[in-house]
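This report refers to the structure that appears directly beneath it.
The values are calculated or read from the model by the stated rules, or taken from the named source; none is laboratory data. Everything quoted here is computed from the prediction, not taken from an experiment. Note that each Cβ is placed from the backbone with ideal geometry, even for glycine, and that neighbours are counted across all protein chains shown.
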Amino acid sequence: MRAVTTLSVVVLASAGIGHAVVTSLDADITRVDPFKDMKNRPRAGHGMNVLLVGTDGRDRITEQERHRFHLGGAPCHCTDTIMIVHISEDRERASVVSLPRDSYAEVPNADGRGSHPIKINAAYAEGGPNLTVRTVEKMTHVKIDHYLEVDFISFMKTVDVLGGVKICTAEPLKDNYTGLDLPAGTHTLMGGEALQYVRARHVDGASDLGRMKRQQRFLAALVERATSSGILLNPMKFRDVTHAVLGSVRADKGFGTDELLDLGRAMRDFSPSSSEFTTVPIGQMGYVVKGIGSTLKWDTAKADALFRDLNDDKPLTVHKPPLPQAVTVQVPPQQIRVQVENGTATGGLGKRVDAALAATGFQTTRTPANAAGRTVERTLVEYDPRWDRSAKSLAAALPGSELRAVKGLGPTLKVIAGSDFRDVRKVRAEQPPQAQNPVVTGDQVVCP
């Protein structure tokens, strides 16, 4: 989450402001050596792999900020966000893979004999950047070329100097732990609010997996803000943004001025559509380890395939235009039983509606009837209030239809086809977060 700001440095460098400006910023970066004494590393792939980690850093937050943005408690001295950012060899694509902080991992014992299990975010507490890189490389078989570490302060300052980042949400987002409270709609989040947004993990049942999706969404929005607002062409703004970011960054010694400028020039035309985001596939949720608690185990086969593609510099997703008629609904059509009635004088309409709904997956009775004494212009969906979610899913398949609650109707919903009926729109159900491993591009998740 804080690490996303470091990627913005790469994007902002595409302005080509000049070597002198960027050289002056190099001095702001605290240097670390995460690759010291590392042996038997994975083979180098094509392109460049950057390990971005977000550290707690709440010990550097003022008391007023702690209270306002719900940052109480002691710092954990761990990495609560870990991302691999792969920049393609042609510098035309960035692929971001989030690694859940509760991922099950094994690290060497202090005496060098054997290993012990941990959650991946605890590698930083045990052995700093060096053990973090070693653990990630062991689990992914991806060679890390550069290491970048960002904390709360850098994140908030960067968002503020950008003038805020626009976020859209179809549902209200409320998390009492972070203080996040966003109604449905479009919002421009400033630094502290943005921190609440990317830290929230109690918005729904998706916990960390849902939080990672919001972090990816925020990163896409941040890239869109940086590349579309003229900031890249404003030397003073560029300087302010990069100072805000680099003032709290720790990086490996090899990531310097020349690398930043070369990458920036190559990515001059970078945009949200140039980026893609995904999360490492999860094989088992709630894998309990004695002394550690509940962890996440990766789906080894799928994770290996994902990281092979990353090493081979392949896009993680094939860009296909979404089907405009496909609508995501809460209840699968296969779980919704429907009785169709013809509410017009047009013969055969009931059979046509019944067949179209059945073809989309709804469990129709296959015995459509005429609506006794009822003629309707607008297609009507009648439902028992206890099945309101099913009714909304059915109505989504019937564009322009009207919902009407009828107490006592029971689990079978009724569709009265009106003269406005044209066709049935395909719908698909939302999957549980743990069953998903989607790859999305930046332009698919930023605000329209």
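Tabulated results
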quantity	calculated
Failed item, numbered, when Thr81 is tested on (1) of a type outside the set (A, V, I, L, M); (2) surrounded by fewer than 24 Cβ atoms within 10 Å (Cβ to Cβ); (3) modelled with pLDDT of 80 or more	(2)
Any chance Thr140 is out of contact with any helix residue (DSSP H, G or I) (no Cβ under 7 Å at 6 or more places or on another chain) and either closer than 28 Å to Ile87 by Cα or surrounded by fewer than 19 Cβ atoms within 10 Å (Cβ to Cβ) (or both)	no
Residue identified as assigned by TED's automatic domain parsing to the domain that holds Leu296, of a type in the set (Asp, Glu) and closer than 24 Å to Leu52 by Cα among Asp181, Asp111, Asp151	Asp151
Lone qualifier among Glu382, Glu341, Glu377 - being under 14 Å from Ser401 (Cβ atoms) and exposed (fewer than 13 other Cβ atoms within 10 Å of the Cβ)	Glu377
Total residues in the range 108-131, condition crowded, with 16+ Cβ neighbours inside 10 Å, touching a His at 6+ places or on another chain (Cβ under 8 Å) and of a type in the set (S, T, N, Q)	0
Complete set of residues in the range 104-143 that are in a loop (DSSP other than H, G, I, E, B) and either of a type in the set (D, E, K, R) or in contact (Cβ under 8 Å) with a residue 60 or more places away in the chain (or both)	Asp111, Arg113, His141, Val142, Lys143
Test set (1) among the β-branched types (Val, Ile, Thr); (2) modelled with pLDDT of 90 or more; (3) not assigned by TED's automatic domain parsing to the domain that holds Thr344 - Val440 fails condition number	(2)
Top-ranked residue in the range 166-189 [being touching a helix residue (DSSP H, G or I) at 6+ places or on another chain (Cβ under 8 Å) and assigned to a loop (DSSP other than H, G, I, E, B); ranked as surrounded by the fewest Cβ atoms within 10 Å (Cβ to Cβ)]	Gly179
Residue in the range 181-193 that is within 30 Å of Leu131 (Cβ to Cβ), in contact (Cβ under 8 Å) with a residue 12 or more places away in the chain and among the polar types (S, T, N, Q) present	no
Any pair with Cβ under 7 angstrom, 6 or more apart, that starts in the range 289-318 at a residue that is in contact (Cβ under 8 Å) with a residue 12 or more places away in the chain and ends at one that is charged (D, E, K, R) and part of a helix (DSSP H, G or I)	Leu316/Asp309
Among the candidates Ala397, Ala417, residue that is buried (at least 21 other Cβ atoms within 10 Å of the Cβ), closer than 18 Å to Asp354 by Cβ, within 31 Å of the chain's Cα centre (by Cα) and of a type outside the set (Ser, Thr, Tyr)	Ala397
Segments classed as helices (runs of 4 or more DSSP H), wholly inside the range 190-261, with at least 3 members that are closer than 25 Å to Thr178 by Cα, under 15 Å from the mean Cα position of the chain (by Cα) and at pLDDT 75 or above	191-199, 207-228
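Quick grid of which residues meet (1) at pLDDT 80 or above; (2) hydrophobic (A, V, I, L, M, F, W, C); (3) in the same structural domain as Tyr197 (by TED's automatic domain parsing); (4) surrounded by fewer than 22 Cβ atoms within 10 Å (Cβ to Cβ):
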position	(1), (2), (3), (4)
Met38	yes, yes, yes, yes
Arg41	yes, no, yes, yes
Gly45	yes, no, yes, yes
Val53	yes, yes, yes, no
Arg66	no, no, yes, yes
Gly72	no, no, yes, yes
